[in-house]
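One structure is given here, and the rest of the page talks about it.
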Amino acid sequence: MTAFETRALLKQLEATVEENLDRHLASAENWMPHEYVPWREGRNYATLGGEPWSAGQSRLSPIARTALELNLLTEDNLPSYHSELKGTYGRNGAWGAWVNRWTAEEGRHASCIRDYLLVTRGVDPGHLERARMATLQAGWDSGDKPLLHACAYVSFQELATRVSHRNTGRYCEDPIAERLLARIAMDENLHMIFYRNLVQAALEIAPNQTLRAIADEVVGFVMPGSVVPGFARKAARIAQAGIYDLRIHHDDVIMPLVRHWRVFEAEALDADGEQARQDLAAALGALDARAARFVERRAEAQADGR
Ligand SMILES: [Fe+2]
Ligand SMILES: [Fe+2]
């Protein structure tokens with residue numbers, strides 16, 4: 001897509017952005033992050049004369065700690081996401097207003113998860129801070145995705161983040177963490193709906209290019225947390241625990257959106273659009289097969305007590 005075509009598409013989609021920004025503002029709750037943190041449990045760390053952190057102080061299981069830490073570090077990288085979105089969507093009009101609003105909402109997520117973890121001594125605060133520094137220095141580079149690819153990606157990514165927070169909350173076995181993460185997941189759900197509606201509108205304006213974008217983003221999907229130090233190891237543990245695995249990715253993230261967009265019912269596609277749809281069908285089949293193999297291997301490992 002040329003720069004000229006991208007500008008034309010941004011303009012064509014602007015009414016949808018405006019309409020969905022209004023809908024979003026009417027449905028989003030201005031919730032207060034400080035209300036979700038058990039401040040009374042807080043106490044000084046070593047330098048201020050208190051006790052240093054030790055693993056025994058955490059009420060979270062090691063896997064719950066890993067999942068919360070990965071979710072938090074992913075949220076921490078917000079400055080990079082903001083600049084990537086500004087680069088793609090621009091800073092003007094409804095697009096710019098959306099990016100700023102979205103950024104303000106996302107900013108709550110990292111701050112209240114960190115407050116919860118520091119107050120409850122859920123994770124090693126020194127390790128967490130070093131990982132935050134490393135994550136922000138790595139930054140997030142979406143690879144200059146074209147506009148429609150960026151819209152498809154963030155639809156999947158917001159839903160993936162929603163599912164990941166929700167499942168992590170359940171896994172924590174702490175009602176305070178569960179309440180906090182369920183609240184954050186509600187924000188992610190509204191973000192997903194915003195982008196889902198945008199892709200829906202794009203499918204009507206430019207069905208062939210939008211189908212190509214959806215197919216490419218299903219094939220190449222990478223979690224935004226992939227730049228977090230030790231991501232592969234952390235993601236593997238989280239998958240083993242069933243918090244976020246390939247089965248969940250296929251069933252609860254990719255398929256609900258693909259179904260919602262009714263891409264297999266789209267008519268009057270050109271040859272490129274048809275090819276994109278075939279590529280998408282092949283990618284979905286391959287993802288489903290990988291998910292089935294993963295679940296099988298995990299069940300075998302659990303049966304062997306590994
Ligand atoms: Fe978030
Ligand atoms: Fe979000």
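Test LEU136 against the stated conditions and say whether it is of a type outside the set (Lys, Arg) and under 26 Å from GLU18 (Cβ atoms). In short, no.
Entry remark, the range 226-247: residues being among the hydrophobic types (A, V, I, L, M, F, W, C) and open to solvent by 20 Å² or more (accessible area, probe 1.4 Å) number 7 in total. Within the range 189-197, can one find any residue that is within 25 Å of ALA235 (Cβ to Cβ), polar (S, T, N, Q) and touching a residue at least 24 places away in the same chain (Cβ under 8 Å)? Yes, some residue in the range 189-197 is within 25 Å of ALA235 (Cβ to Cβ), polar (S, T, N, Q) and touching a residue at least 24 places away in the same chain (Cβ under 8 Å).
Residues in the range 114-123 that are open to solvent by 40 Å² or more (accessible area, probe 1.4 Å) and free of Cβ contacts under 8 Å to residues at least 60 places away in the same chain: ARG114 alone.
When the range 124-149 is filtered for residues that are within 16 Å of ligand 2 (Cβ to nearest atom) and open to solvent by 50 Å² or more (accessible area, probe 1.4 Å), nothing remains.
Mind telling me which of the residues LEU60, LEU21, LEU10, LEU78 ends up being among the aliphatic types (A, V, I, L, M), surrounded by 14 or more Cβ atoms within 10 Å (Cβ to Cβ) and within 16 Å of ligand 1 (Cβ to nearest atom)?
So the residue among LEU60, LEU21, LEU10, LEU78 that is among the aliphatic types (A, V, I, L, M), surrounded by 14 or more Cβ atoms within 10 Å (Cβ to Cβ) and within 16 Å of ligand 1 (Cβ to nearest atom) is LEU78.
Residue selection: ALA55 fails the criterion of being in contact (Cβ under 8 Å) with a residue 24 or more places away in the chain and either under 22 Å from the mean Cα position of the chain (by Cα) or within 16 Å of ligand 1 (Cβ to nearest atom) (or both).
Only one of the numbered conditions (1) surrounded by fewer than 21 Cβ atoms within 10 Å (Cβ to Cβ); (2) within 16 Å of ligand 1 (Cβ to nearest atom) is violated by GLY285, and that is (2). Restricting attention to the range 81-113, which residues are hydrophobic (A, V, I, L, M, F, W, C), open to solvent by 20 Å² or more (accessible area, probe 1.4 Å) and either away from ligand 2 (no atom under 12 Å from the Cβ) or touching a residue at least 40 places away in the same chain (Cβ under 8 Å) (or both)? Once the filter is applied, which keeps residues that are hydrophobic (A, V, I, L, M, F, W, C), open to solvent by 20 Å² or more (accessible area, probe 1.4 Å) and either away from ligand 2 (no atom under 12 Å from the Cβ) or touching a residue at least 40 places away in the same chain (Cβ under 8 Å) (or both), the range 81-113 yields only ALA97.
Taking the criterion of being open to solvent by 30 Å² or more (accessible area, probe 1.4 Å) and either within 12 Å of ligand 1 (Cβ to nearest atom) or assigned to a helix (DSSP H, G or I) (or both), the residues of the range 150-181 that qualify are ARG162, ARG166, ASN167, ARG170, TYR171, PRO175, ILE176, GLU178, ARG179. In the range 150-173, the residues that are in contact (Cβ under 8 Å) with a residue 60 or more places away in the chain form Cβ pairs under 7 Å with partners that are more than 10 Å from ligand 2 (Cβ to nearest atom) and among the charged types (D, E, K, R), at six or more places apart or across chains, as follows: ALA152/GLU217; TYR153/LYS145; TYR153/GLU217; SER155/ARG196; PHE156/GLU217; VAL163/ASP252; CYS172/GLU178. Here GLN200 passes the criteria (1) open to solvent by 30 Å² or more (accessible area, probe 1.4 Å); (2) of a type outside the set (Phe, Trp, Tyr); (3) under 15 Å from ALA64 (Cβ atoms) except the one numbered (3).
Do we find that LEU190 is open to solvent by less than 20 Å² (accessible area, probe 1.4 Å) and under 17 Å from the mean Cα position of the chain (by Cα) in this structure? Here the answer is no, as LEU190 does not meet what is asked. Counting only residues that are open to solvent by 20 Å² or more (accessible area, probe 1.4 Å) and either touching a strand residue (DSSP E or B) at 6+ places or on another chain (Cβ under 7 Å) or assigned to a helix (DSSP H, G or I) (or both), the range 251-281 holds 16 of them.
The values are calculated or read from the model by the stated rules, or taken from the named source; none is laboratory data. Remember, predicted model here, so these are calculated numbers, not experimental data. Because the Cβ atoms are built from the backbone with ideal geometry, glycine has one as well, and the counts that use them run over all protein chains shown. With ligands, DNA and RNA removed, areas are computed over all heavy atoms of the protein, side chains included. Shrake-Rupley method; radii C 1.70, N 1.55, O 1.52, S 1.80 Å.
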